[in-house]
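What follows is a single structure, written as structure tokens, with notes after it.
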Amino acid sequence: MVASAKLLDDARRTEKNADVRERILLVRCVRVDYKEATSIAENEFHRSRWWAYKWLKRFDKSGLEGLKDLHRSGRPPEVSEEIFSEIRSELSENPSGWKAKEIMNIIYQRTGVRYHEVHVYRLLHKWGFKPKVPQRRFVNTASKEEKEQFKKRLRK
């Protein structure tokens, strides 16, 4: 693909993603200013020459769209969304709340998949549940005046 300086400068100016702006600048230096890709990558961008050749190849093949990151699907979940929705509805029926280990055991009994306790907290957050007991890091966030007012209210 033939690249013009104006086209690349305009694209770099309007691009919001910093990584893509860096790649556009690489293409401009190599394709318009005729600088060597290896030296530009290593000296100006502090990247490997492999990185430079990868993005130059993608630009040659797909143009400016080739400089954007491709979608990555990630690891598929081991438990279906249907089973999670059943567990979520069961959790919401209990007004007193649940402990993470109890939820861990419920998921294991229903699916045979054991999740780490930290991941159970992530799931609860994703489902919109909030912890019933404040975390220890929030205890000392109140000012001295607020603490004194609280102590006065406790005494009454």
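Name the residues in region 1-20 that are aliphatic (A, V, I, L, M) and either open to solvent by 70 Å² or more (accessible area, probe 1.4 Å) or on the phi > 0 side of the Ramachandran plot (or both), would you? The answer is 1, 2, 7. Checked against the criterion of being within 27 Å of the chain's Cα centre (by Cα) and more than 30 Å from residue 114 (Cβ to Cβ), the candidates 13, 28 yield just one match: 13.
Within region 81-111, the set of residues being open to solvent by less than 50 Å² (accessible area, probe 1.4 Å) and in a loop (DSSP other than H, G, I, E, B) comprises 97 only.
Pairs under 7 Å by beta carbon, first residue surrounded by 13 or more Cβ atoms within 10 Å (Cβ to Cβ) in region 39-58, partner of a type in the set (Asp, Glu), six or more apart or different chains? Taking only residues 6 or more apart or on different chains, the pairs are 45/22; 49/42. No other residue among 23, 31 is surrounded by 12 or more Cβ atoms within 10 Å (Cβ to Cβ), modelled with pLDDT under 95 and basic (Lys, Arg) apart from 31.
The values are calculated or read from the model by the stated rules, or taken from the named source; none is laboratory data. Computed from a predicted structure; not experimentally measured. Here Cβ is always computed from backbone atoms with ideal geometry, including for glycine, and neighbour counts include all displayed protein chains. We work out accessible area using only protein heavy atoms, side chains counted, and drop any ligands, DNA or RNA first. Shrake-Rupley method; radii C 1.70, N 1.55, O 1.52, S 1.80 Å.
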